[in-house]
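Here is the structure we will look at, set down as structure tokens.
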Ligand code: NAD
Ligand code: TYD
């Protein structure tokens with residue numbers, strides 16, 4: 001087990017990064033520095049539950065800013081860097097790939113260069129504990145047909161500007177390990193859902209629109225399949241890897257919860273009907289809309305490696321996790337308003353050509 005006491009998290013004002021910070025701060029002896037640019041997807045409202053914790057610090061920095069990143073890393077002197085900051089929405093990457101190339105590729109490159117210089121300045125004992133952990137997605141593997149699963153050795157074949165930019169960053173991280181001996185681990189996870197997810201993604205978007213009695217947009221026929229994992233289960237897996245993962249390895253993380261998009265939307269409608277009964281079924285709001293360009297058919301993760309080698313298991317089933325998620329969004333409409341009021345109208349994204 002690595003003796004990690006000080007962790008830098010990038011992207012900790014976003015959905016998964018904030019869940020990782022909650023997990024880490026629940027350990028008495030860990031200090032966290034959150035580095036986040038606060039884009040449209042990052043909000044201080046997401047960090048309110050831990051922002052006053054004396055073991056937590058925040059710096060508003062763009063990971064592409066060489067000087068600011070170098071200063072922050074050297075001054076905080078971390079035992080590990082958990083890199084989550086990214087542009088994360090496929091539809092936005094279709095409308096405008098530039099920011100994806102900047103943050104996901106050049107930002108990761110900048111962070112790797114800074115991390116390597118910092119790592120080389122450490123004494124042998126601290127070097128032996130250091131880890132750069134890169135958080136990635138199963139979308140780098142491309143699309144599955146009806147059968148099979150993504151394993152750690154599945155070749156990369158990304159389809160969208162988002163997944164291509166994440167694939168590039170994964171390759172950079174591996175190159176820094178192989179060439180420069182920076183101790184790194186890459187994790188590739190399936191679709192997450194849960195509290196604090198920006199309401200542009202399928203599950204919070206459908207909840208928000210249903211609550212407001214607006215049409216529920218399902219792309220194409222709704223038969224694309226995603227493998228859903230509750231965000232706290234992902235955070236627990238990432239923390240397990242942080243302390244016990246083997247340097248140079250890759251770990252796939254998934255929920256073994258394959259659902260078509262239409263099944264997901266139906267389930268949200270039916271759970272909402274129990275929680276906020278409506279005269280007509282919420283399902284009547286479902287509207288089939290033009291498909292996403294380059295829409296991957298199916299993602300499904302084989303996560304036996306992390307289960308067998310690190311003993312990680314998801315705690316939530318899709319039904320329990322979704323119930324928690326819907327209740328959270330119903331109870332936290334103020335958060336939804338706060339994070340969407342400036343930059344997001346709920347309109348369809350991802351139909352423009354770059
Ligand atoms: P998110 O969009 O909710 O949060 C991203 C965070 O990064 C935001 O707080 C944003 O302000 C910050 N950020 C963006 N650009 C930045 C920059 N240039 N400098 C500093 N901060 C910046 O994303 P998320 O869903 O929490 O995803 C986090 C990571 O996990 C991403 O790397 C993503 O690719 C990966 N991932 C996400 C999923 C998923 O289902 N959401 C699944 C697998 C992997
Ligand atoms: P999304 O949450 O954007 O995640 P990803 O594209 O990274 O998998 O989308 C999940 C699935 O839901 C994907 O197949 C696209 C589909 N989708 C809709 O049908 N309607 C929507 O309004 C959105 C945002 C997504």
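Secondary structure note: in segment 211-344, about 40% of the DSSP beta bridges are antiparallel. Applying 1/(1 + (r/R0)^6) with r as the Cβ-Cβ distance of residue 55 and residue 273 and R0 = 51 angstrom yields a FRET efficiency of 0.75. Result for the chain in a Gaussian network model with C-alpha springs under 10 Å: among 321, 12, 294, the largest mean-square fluctuation is at 294.
The alpha carbon centroids of segment 171-193 and segment 207-249 are separated by 20 Å.
Note on the chain: with a GNM built from Cα contacts shorter than 10 Å, the maximum mean-square fluctuation among 59, 33, 84 falls on 59. Compactness of the chain, taken as the C-alpha radius of gyration over 2.2 N^0.38 Å, stands at 0.96.
So in the chain, what percent of DSSP beta bridges are antiparallel if you round to the nearest 5? Can you show the working numbers first?
On the way: 4 of 40 bridges.
In the chain, DSSP labels about 10 percent of beta bridges as antiparallel.
Every helix of 4 or more DSSP H residues in the chain counts as -39500 (n - 2.57), and over all residues that averages to -11500 deg cm²/dmol at 222 nm. As a calculated quantity, the FRET efficiency between residue 213 and residue 295 at R0 = 22 Å, using C-beta atoms, amounts to about 0.25. A simple packing score, the average count of other Cβ atoms within 10 Å per residue, orders the peptides 45-57, 162-174 as 162-174, 45-57, with the highest score first. As a proxy for reagent exposure, ranking 274, 316, 28, 309 by other Cβ atoms within 10 Å from fewest up yields 28, 274, 309, 316.
With neighbour counts taken as other beta-carbon atoms within 10 Å, the residues 114, 187 rank, fewest first, as 114, 187. Ordering 328, 312 from the fewest to the most neighbouring beta carbons within 10 Å gives 328, 312.
Find the centroid of the Cα atoms in segment 24-60 and in segment 319-337, then give the distance between the two in whole Å. Cα centres, segment 24-60 to segment 319-337: 21 Å.
Here, each number is a calculation from the coordinates, and none is a lab measurement. Because the structure is a prediction, the values reported are computed rather than measured. With ideal geometry, Cβ positions are generated from the backbone for all residues, glycine too; neighbour counts draw on all protein chains shown.
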